[in-house]
Amino acid sequence: MNKLTSYSRSQTLWLVVLRLLIGWHFLYEGLVKLFNSGWSAYPYLMDSDGFLSGFFQNIAGNEGFLAVSNYVNIYGLTLIGLGLILGCFSRIASIGGIIFLALFYLSHPPFVGADYLMPTEGSYLWIDKNIIEIGALMVLIYFPTSHIIGLDRYLSKLFKR
């Protein structure tokens, strides 16, 4: 049996479901920002706390950097979501998702004493939903399904020619 297709049916199903759920999360976050003409990363970046807060606040304070940050957020989240949902360049989409989530985590780390103006859901200590979703994306990198169910199945055949 091929290494890429050696999962059981239930393993394949739940790995694909995981990919679709995470893809939906990214796609929805990107589309909400895209269709909200007034959206900006400014408040989120300015609310940053932790050892990299100066970096994130400098991005917010520079018009050019903020415009790039807004653009990258909107289209990066949307493309990552589409890639995961469609199973198209899934490995790249997963790595991109990990980078985004790591930046979100570093801008608002759930450390003792961190106090944010923006509301958060739940009470976290060190591990939050960003870290959990990073772990899930790592699972998708090491247990890929897009070559079984996804556009990567067809793209890999094209590139092998």
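Residues within the reach of a label modelled at M138 (point 7 angstrom out along Cα to beta-carbon, backbone nitrogen below 20 Å), restricted to segment 74-112, are 90-111.
Between (1) 108; (2) 94; (3) 134, which entry matches volume of the Cα convex hull per residue in Å³ as derived from the coordinates of this structure? For volume of the Cα convex hull per residue in Å³, the calculated option is (3). Using C-alpha pairs under 8 Å with a sequence gap of at least 6, the mean separation divided by the residue count of the chain gives a relative contact order of 30 percent. Restricting segment 1-97 to trypsin sites (Lys or Arg not before Pro) that sit in a DSSP loop and have at most 16 other Cβ atoms within 10 Å of their own Cβ leaves nothing.
The slack in the chain from W39 to L151, taken as 0.36 nm per residue of separation less the alpha-carbon distance, amounts to 37.2 nm. Only the Cβ atoms of Lys and Arg (+1) and of Asp and Glu (-1) were treated as charged; on that basis the dipole of the chain about its Cα centre amounts to roughly 1200 debye. Hydrophobic, long helices, defined as DSSP H runs whose alpha-carbon span along the helix axis is 15 Å or greater and whose mean Kyte-Doolittle value is at least -0.5, occur in the chain at 9-35, 63-86, 90-107, 129-142. Extension gain, W14-L106: 0.36 nm per intervening residue step, less the Cα-Cα distance, totals 30.2 nm.
Give the order of W126, W24 when sorted by the count of other beta carbons within 10 angstrom, beginning with the fewest. Intermediate values should be presented prior to the final figure.
Working: W126 9, W24 13.
Lowest count first: W126, W24.
Rule-based calculations on the coordinates, nothing more; no lab input. Predicted model only: the values in this text are computed from it and were never measured. Using ideal geometry, Cβ is built from the backbone for each residue, glycine included, and neighbour counts are taken over all protein chains shown.
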